[in-house]
1. Test of understanding: among 248, 293, which residue is at pLDDT 95 or above, surrounded by 18 or more Cβ atoms within 10 Å (Cβ to Cβ) and in contact with a strand residue (DSSP E or B) (Cβ under 8 Å, 6 or more places away or on another chain)?
2. When you check residue 328 against the structure, is it surrounded by 17 or more Cβ atoms within 10 Å (Cβ to Cβ), assigned by TED's automatic domain parsing to the domain that holds residue 288 and over 19 Å from residue 151 (Cα atoms), yes or no?
3. Looking at the range 79-102, I want the residues that are farther than 19 Å from residue 63 by Cα and have a partner that is modelled with pLDDT under 85 and in a loop (DSSP other than H, G, I, E, B) with Cβ atoms under 6 Å, at least 6 apart or on another chain. Which pairs are those?
4. Are there helices (runs of 4 or more DSSP H) fully within the range 51-153 with at least 1 residues that are under 19 Å from the mean Cα position of the chain (by Cα) and farther than 15 Å from residue 165 by Cα? List them.
5. Across the range 307-344, what is the total count of residues that are in a strand (DSSP E or B), touching a residue at least 60 places away in the same chain (Cβ under 8 Å) and within 15 Å of residue 279 (Cα to Cα)?
């Protein structure tokens, strides 16, 4: 099969990752329940008349996508594929609020139109005047991974050359209130969060948007090779080692061949058990974690993929992400293992170009 390369990676997150990104600038977040994405000056990228009609996730995605295409030297992609777990939450809440307050009468369609999950991919296509394949995957914690798989299949089958792939999610006030009520979000009393040795339930919630240009052709700025990705909805902690072993065997690798494993420890005592079951097989690898930097959200694996690309490109390991002191002489293979509160387990394998 043809190799699939990640020719650019751009990310808007709770870290300053969009411009002049430096590992030393990364700061952990443990004392607040909600993390806001650091927004760029949108007026530099989007006409003011459009900005006021865009939700947060549409603005983040439009800028990240535009920057990714520019970095890859692609004027118009052959396909646009976006993964999102919750879509445009803010507009969804506004529409539902109007339905209730107006007794389902005299409703303006704007918030409904902009609340659909495929608004992001559609808006990017409009800006790029792109009439090619346009698809949105909505599968909670596996949304980005499904998008990557779709893009890989299209590239390997010769249906596309350059594919824009992204993962994006925003947080909205009412949804966060509900997450607090059902225990998804940590209680204030449980702060500061201990991500690696959690004894309390709940997570710190974040948001962000990460976009990548995938291609079968290498470019000057190629970050990494996307070797493989897979996902499963549910499994027990005891099944995790075999899940990972089978995935690596499919790619003719052993755990000892993985130089860096990047895990999604979230600070939730129950679901972090899965990561603890996975790590013993990687005793010789550099073990890293990432959600103390970006928070938990449906497409947080986009931030992990962005970081993994940077690690492979720079051949450096950010100290703030370390779980052990192992430092490989060369970083060739990076494995990302993530799940969302114990469901939607995914593996992404990257290789150095």
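1. Going through 248, 293 in turn, just one is at pLDDT 95 or above, surrounded by 18 or more Cβ atoms within 10 Å (Cβ to Cβ) and in contact with a strand residue (DSSP E or B) (Cβ under 8 Å, 6 or more places away or on another chain): 248.
2. In short, no.
3. Every condition considered, the pairs that remain are 98/107.
4. Qualifying helices (runs of 4 or more DSSP H): 56-72, 89-101.
5. Result for the range 307-344: 6.
Residue-wise test of (1) within 19 Å of the chain's Cα centre (by Cα); (2) closer than 18 Å to residue 8 by Cβ.
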| site | (1), (2) |
| --- | --- |
| 296 | yes, no |
| 300 | yes, no |
| 303 | yes, yes |
| 313 | yes, yes |
| 316 | no, no |
| 322 | no, no |
| 329 | no, no |
| 334 | yes, yes |
| 337 | yes, no |
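The values are calculated or read from the model by the stated rules, or taken from the named source; none is laboratory data. For clarity, every value in this text was computed on a predicted model and none was experimentally measured. Reconstructed Cβ throughout: ideal geometry from the backbone, glycine too, with neighbour counts over all protein chains shown.
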